[in-house]
Amino acid sequence: MPAEVLEKAQQELVDWRGHGMSLMEMSHRSDEFLSVRAEAEQDLRDLMGISDDYHVLFLQGGASTQFASVPLNLLDDSQCAYYLNSGQWSKKAIAEARRFGRVQVLAETRACAPEASSWSLGDVNDAAYVHYTPNETIDGVEYDYVPQTGDVPLVADFSSSILSHPIDVSRYGLIYAGAQKNIGPAGLCVVIVRKDLLERCSDKVPAMLNYSIHAKNDSLYNTPPTFSIYLAGLVFKWLKEKGGVEAMAKVNADKAARLYAAIDNSDFYTSPVHVAHRSRMNVPFILPSPELDASFLQGAEQAGLMNLAGHRSVGGMRASIYNAVSPASVDALIDFMQQFAHQHGEG
Ligand code: PMP
């Protein structure tokens, strides 16, 4: 979270804008909260250039719930869902979709994204959608292209790269993103869905997972996570003040370039990811021996550099340099990495 956003929330926490109570204490149907929600939606539309052809939904259950909601709403018995498997999160999305219908994997890769020329939908006529994960958070793999799927809707899990660079929303049928990276606190998930796709949502889909029901109710079918939506709205305002997604993309590209250069210019650290598909948000790197991991992490924490352990499923290190991580913090990490390498043998 950007420090400025946390400070603003702190100022408004107990007495929201002179109303004598916290926003958390207000009804989710109050005019105050309705205006917060509407403004958050409009700011997100402005930031991402989302047209009226799309609904913007603020839902609960994290991105993992969308692994089920997508096939439940968009896939029927006569169709097949096609997935690109480029890492740990797409693998989970695939496993969940298989509970609900026919799924086929078009390409499977690790440590890189599938090359655009290595797969195609061919002439299938049963495709409900094609799903991919543009940025694999755990593996640090990012696609350098948007998959071409013709008339078949493209569905993307943008959890770890939404708002970090411009996205041409019109190329997608549905975009979803858990909030806890570039949007706001955990507990909220944003879904951007093309309106015509809602015709597919059957009445059999449970109400809380049903896009059509949430869209008809402006994401107020039940009590939404009001405080998370408010905080997301503050993050959207912060992003606008910073020059929007285009400005953020430049800062992010620069942060990532400096960190990858520090890794590549060293004999000590290695990047496990194919150069063309290195994520600008999640930068995994490996030390010469796993025995050094604990002391690296301890030293980093002492230097105020937190959360650098790689995901428990892959080990190594991973620096997640989301929008709220400043260039100065990335420089502090690079300094620490160079010092550590020097102390442990790099000449
Ligand atoms: N997809 C991606 C790309 C993610 O990074 C994550 C979480 N790190 C998830 C899905 C799962 O999100 P959640 O924990 O909000 O369910």
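Just so you know, all these numbers are worked out from the coordinates, no wet-lab data involved. This one's a predicted model, so the numbers in the text were calculated from it and none came from an experiment. When we count neighbours, we look across all protein chains shown, and the Cβ atoms used for this are built from the backbone with ideal geometry, even at glycine.
Most tightly packed first, judged by the mean number of other beta-carbon atoms within 10 Å of their residues, the peptides 331-337, 95-101, 57-63 read 57-63, 331-337, 95-101.
Running a GNM on the chain with Cα contacts under 10 Å, which residue among Pro166, Pro284, Pro206 ends up with the highest mean-square fluctuation? Checking each option, the largest mean-square fluctuation is seen for Pro206. Close amide H pairs (under 5 Å, H built 1.01 Å from N) link Val103 with Ala81, residues at least 5 positions away or on another chain.
Distance between the pseudo-spin-label points of Ala116 and Leu34 (7 Å out from Cα toward the beta carbon): 4.5 nm.
Summing Cβ point charges (Lys, Arg +1; Asp, Glu -1) relative to the Cα centre of the chain gives a dipole of roughly 420 debye. The overall shape of the stretch 1-133 is prolate: from the C-alpha gyration tensor, with semi-axes ordered a ≥ b ≥ c, the ratio a/c is 1.5 or greater and a/b exceeds b/c. 3J(HN,Hα) couplings calculated from phi for the stretch 320-335 with the Karplus curve 6.51 cos²θ - 1.76 cosθ + 1.60 (θ = phi - 60°) are, in sequence order, 9, 10, 5, 3, 6, 7, 6, x, 5, 5, 5, 4, 4, 5, 4, 4 Hz; Gly and Pro show x.
Listed by chain and number, the lysines whose alpha-carbon sits under 28 Å from that of Lys8, ignoring those within fewer than 8 places in the same chain, are Lys181, Lys237, Lys240, Lys242, Lys250, Lys255. Along the stretch 214-229 the Karplus relation, 6.51 cos²θ - 1.76 cosθ + 1.60 evaluated at θ = phi - 60°, assigns HN-Hα couplings of 5, 5, 4, 9, 6, 6, 10, 4, 10, 6, x, x, 4, 5, 5, 5 Hz to successive residues, with x for each Gly and Pro.
Phi angles of the stretch 93-104 translate, via the Karplus equation with coefficients 6.51, -1.76, 1.60 and θ = phi - 60°, into HN-Hα couplings of 4, 5, 4, 5, 4, 5, 5, 10, x, 7, 10, 10 Hz per residue; Gly and Pro are given as x. Electrostatic bookkeeping for Ile138 treats Lys and Arg as +1 and Asp and Glu as -1; over the other residues with beta carbon under 15 Å from its beta carbon, the sum is +3.
Here Ala309 and Asp168 are evaluated by their C-beta separation; at R0 = 35 Å the FRET efficiency comes out at 0.50.
Modelled spin labels at Val124 and Glu108, positioned 7 Å past Cα toward Cβ, are 1.5 nm from each other. What is the log10 of I(q)/I(0) for the chain, computed with the Debye formula using one identical point scatterer on each Cα and no solvent, at q = 0.14 Å⁻¹? Values, matching the q order: -1.17.
Remark on Ser320: its backbone amide H falls under 5 Å from those of Val283, a criterion applied only to residues 5 or more positions apart or on other chains, H modelled at 1.01 Å from N. Based on every Cα atom in the stretch 72-121, Rg and the maximum pairwise Cα distance Dmax equal 11.5, 34 Å. Simple spin-label estimate for His342 and Ser329 gives 2.5 nm between the two label positions (7 Å along the Cα-to-Cβ direction from each Cα). Cβ crowding within 10 Å, taken as a proxy for footprinting-reagent exposure, orders Val275, Val141, Val36 from fewest neighbours to most as Val275, Val36, Val141.
Straight-line cross-link partners of Lys195 among the lysines, defined as a Cα under 21 Å from its Cα and at least 8 positions apart when in the same chain: Lys204, Lys216.
Cα centroid separation, the stretch 124-144 to the stretch 286-332: 27 Å.
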